[in-house]
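See below for the structure under consideration.
Read the figures in this text as sums done on the coordinates, not as results from a lab. All values derive from a computational prediction rather than experimental measurement. Positions of Cβ are backbone-derived with ideal geometry, glycine not excepted, and every protein chain shown enters the neighbour counts.
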Amino acid sequence: MSIFYHEDSKMFHLQSKTMSYILQINQGYLAHAYWGKKVNNDQDLSHLLYHEKDDFLDRLPQEYPQYGSGDHRSPSYQVQLVEDGSRITELIYKEHSVIPGKPKLEGLPATYVESEEEADTLIITLEDSYTGLEVKLNYTVYKELDVIARSAHFHNHGEKSLKLLRALSATVDFHDSNYEALYLSGAWSREAYVQRRPLGPGTTSLDNKRGASSHQMNPFLSLVRPNTDENRGEAYGFNLVYSGSFIAEAEVSPFENTRVSIGLNPFDFSWELDVNDSFQTPEAILVYSNEGIGGLSRNYHKLYRTRLARGVHRDKVRPILANNWEATYFDFNEEKIEEIAKVGADLGIELFVLDDGWFGKRDDDTTSLGDWFEDRKKLPNGLENLAKRVNDLGIQFGLWFEPEMISPDSELYRKHPDWCLHVPGRRRTLARTQSVLDLSRQDVREYLFDMLSGILSRVPISYIKWDMNRFMTEIGSAQWPAEKQQEIAHRYMLGLYELLERITNAFPKILFESCASGGGRFDPGMLYYMPQTWTSDDTDAIERQKIQYGTSIVYPVSAIGAHVSAVPNHQVGRMTPLKTRGDVAMSGNFGYELDLTKFTEEEKVIVKEQINTYKANRSLIQQGDLYRLMSPFEGKGNETSWMFVSEDKSEAILFYFRVLAEPEAPYKRLILHGLDKNAKYKEVNTGQVYGGDFLMHAGLPISPENTDYASLVFKFIQVK
Ligand code: DGJ
């Protein structure tokens, strides 16, 4: 049991491996008492109780606060009584239960357990007696990970219609304000840059209103102590299992405590809650680490790799792929594709992926999304024939789709002009010359399911790249009534999740990779259906060091798609050595995205070696524990290094990258982490044997070649 209830003090104590999370029922309100390093349950916790009388609600640390009756901070939720327009509710403790395991979240992606022993769930029911509104707060605590999964479930048990105006997933009121906010922001082709800044009085607010989790702001907020670094100190993470618009806030009150909340963006959101209706919020994953940001990441990685991702590919090493996008863009034919696939097969590639441009009249990005039948000019013998020919080379065949989109210049649009998100009488703003299909509509989802399952049943496809290349504008649906128009953005996400659930269940053997112009939807919601993600459209080996470093703060390496591409690089024009490009891509879920037929014989030797190295180390890289050693976001940003250590610490692989050569470079030693300090390790390339303590305390001497864009790789194996 990891959840204890202290009847006398009315306190709940949730305990995991090294963490405690303590709540109290305080004069009927659900108060937050403590979250941090584990404390023994066998003691009186009641001194944590809060006794203030004046400004009671404005000072009380809470778990799911209301607005309008004394607490002037941002609330977790807001509900309107439709009859009189009032927005005052008061959620008071009603009952609670503790159940082994973790219940499913209907219609939404969420973490799960494989056996009831792995986690316990506390369900606390709060009630507003005046309206009959009931809110159930779910807290699942994973015993072996320092993780709490939280969500809220609303139910109208009363006799009058209600309207949800705000329904966040979780709030935690920290007792002090001595924190810095750490989060991931960016743009297309420079996703997941690590940002860190002190909190101050007022609100640090992260959000997006794009209808996707976005390149610009990942749905992740962490509070770290000012002295927390990669390996030491406290770090608290909040990550939303959701792929649409979100908000994450840290509000420092005049009383110097900090309220952190995360959930659906309340901007342009409302939801009708008629008598007997329910509403389930997305899940928020709260992680605690006392081993710095690295410890926070390893908790997220393990949870997401093993209890968020699903399906037959979850625990399998992923195939090395070759994708033709940067090789050909839209300009290809059957012969060209076959040539690339053939060279790939000879080099040891395991999967060939045909990207955009195979359907309709898609010679550029202005047309044909929605017309998912092969372009016979490019593929005269059809998709099935091409897939079989690729299979005959001894490798798998994968295909690109962008199912959620529609080009105005398409047969589908001409037939169903009302199938895209739009508002009557208003412009239909295009982005990349396309509109967003209205996935809040059942008929649109049926069409997509039939279209996809038709192709997947006919063509031997082992992998799908599920792309999505624009954000939502003019959010409205022709199918839903006026009162529900502010529900459409969320109904879209629910519709998308329903479609993904159906299609991944119908084709369980297919490996799905999500993509949204690179990392525009790199979020836990997508990882539930698709265990890997295309991390960024920027494939430059130097830019990628930052992007992959930042992404790894939350997301597991098995999910981080990383490809070797051509030089000069197509995004930034940089010339980097093939070795460095290979080493950076090998630090993720590895592949190639360039015209393989253009490799010289010398390059082919290097590529074969890279492929063999990755095959020999991919379980270590994809499933091992990640330790980041040097950050491209710190100091001069000239060096980046990370290592992967097997769970039993018997082997490790280390990557070191330096951007610019340094004249008179100082003598360098890299301090390693995660090894067994009592064991001896042999570095495979040099045969040199080191003590684990030596590598982690004194450090590994390194001397990178004095050129720009250098990279080094070291492989360690434990020896007796
Ligand atoms: C955006 C993706 O991120 C690229 O990899 C590629 O698939 C293009 N879309 C194709 O249009």
- prompt: In deg cm²/dmol and to the nearest 500, what is the mean residue ellipticity at 222 nm of the chain if only DSSP H runs of at least 4 residues count, each as -39500 (n - 2.57), divided by the residue total?
  reply: -6000 deg cm²/dmol
message: For Lys143, give me every one of the lysines with a C-alpha distance below 24 angstrom, ignoring sequence neighbours fewer than eight places off in its own chain.
response: Lys10, Lys17, Lys37, Lys38, Lys102, Lys104, Lys302, Lys649
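Out of the GluC sites (Glu not before Pro) in region 623-681, which ones are loop residues according to DSSP with at most 13 other C-beta atoms within 10 Å? List each step's numbers first, then the result.
Values: sites: Glu634, Glu639, Glu647, Glu651, Glu664; in loops: Glu634, Glu647, Glu664.
Of the GluC sites (Glu not before Pro), the ones in loops of region 623-681 whose Cβ has at most 13 other Cβ atoms within 10 Å are Glu634, Glu647, Glu664.
Figure the gain on full extension for Val572 and Thr600 (residue separation times 0.36 nm, minus the Cα-Cα span) and round it to one decimal in nm.
Length gained, Val572 through Thr600: 7.8 nm.
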message: Taking 8 Å as the Cα distance limit and 6 or more residues as the minimum spacing, I'd like the relative contact order of region 1-88 as a percentage.
response: 17 percent
query: Mind listing P(r) for region 557-694? All alpha-carbon pairs, 5 Å bins, whole percents.
result: 2, 8, 16, 20, 19, 17, 11, 5, 2, 0
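Compute for region 405-470: radius of gyration divided by Kirkwood radius, i.e. Rg/Rh, restricted to C-alpha atoms, rounded to two decimals.
Working: Rg = 13.4 Å, Rh = 13.3 Å.
Computed over Cα atoms, the ratio is 1.01.
Say R0 is 51 Å: what FRET efficiency, to the nearest 0.05, do Lys336 and Asp277 get from their beta-carbon distance? Could the numbers behind the result be given before it?
Values: r = 55 Å, r/R0 = 1.07.
My answer for the efficiency is 0.40.
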- request: Estimate the FRET efficiency between Asp392 and Lys17 by the formula 1/(1 + (r/R0)^6), using the beta-carbon distance for r and 60 Å for R0, to the nearest 0.05.
  value: 0.75
- prompt: In region 604-673, what chymotrypsin sites (Phe, Trp or Tyr not before Pro) fall in a loop by DSSP, with at most 12 other Cβ atoms inside 10 Å?
  reply: Tyr667
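Only loop residues by DSSP count here, and only those with at most 16 other Cβ atoms within 10 Å; note down the trypsin sites (Lys or Arg not before Pro) in region 186-286 that meet that.
Values: sites: Arg190, Arg196, Lys209, Arg210, Arg232, Arg259; in loops: Lys209, Arg210, Arg232.
In loop regions of region 186-286 (DSSP not H, G, I, E or B), the sparsely surrounded trypsin sites (Lys or Arg not before Pro) are Arg232.
For a Förster distance of 60 Å, can you work out the FRET efficiency between the beta-carbons of Tyr667 and Lys143, rounded to the nearest 0.05?
Details: r = 45 Å, r/R0 = 0.76.
After rounding, the FRET efficiency stands at 0.85.
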- line: In region 1-142, taking the dipole from +1 charges on Lys and Arg beta carbons and -1 charges on Asp and Glu beta carbons about the Cα centre, the listed residue (Val98, Ser20, Val82) farthest towards the positive end is Ser20
statement: Gyration tensor on Cα atoms of the chain, a ≥ b ≥ c root eigenvalues, a/c under 1.5 rounded, else prolate if a/b beats b/c, else oblate, says oblate
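Computed over the Cα atoms, what is the radius of gyration of region 84-146 divided by 2.2 N^0.38 Å, N being its residue count?
Working: Rg = 15.0 Å, N = 63, 2.2 N^0.38 = 10.6 Å.
With N residues counted in region 84-146, Rg over 2.2 N^0.38 Å equals 1.41.
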query: Fewest to most neighbouring Cβ within 10 Å: what's the order for Met19, Met1?
result: Met1, Met19
- prompt: With charges only on Cβ, +1 for K and R and -1 for D and E, what is the dipole size of the chain about its Cα centre, in debye, rounded to 20?
  reply: 1320 debye
statement: So, over other residues within a Cβ distance under 12 Å of Gln532, counting Lys, Arg +1 and Asp, Glu -1, the net charge is +4
- prompt: Taking neighbour counts of Cβ atoms within 10 Å as a proxy for exposure, in what order, fewest first, do Phe397, Phe471, Phe267 appear?
  reply: Phe267, Phe471, Phe397
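Cα-Cα pairs above 22 Å in region 135-212: how many percent? Display every interim value, and only then the final one.
Values: 1632 of 3003 pairs.
For region 135-212, the share of Cα pairs beyond 22 Å comes to 54 percent.
Rank by packing, highest mean first: peptides 458-468, 550-560, with packing defined as the count of other Cβ atoms within 10 Å averaged across residues. The partial results should precede the final answer.
Numbers: 458-468: 20.5, 550-560: 26.4.
Order by mean packing, descending: 550-560, 458-468.
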message: For Asp176, Asp128, which order do you get if you count the other beta carbons within 10 Å of each Cβ and list the fewest first?
response: Asp176, Asp128
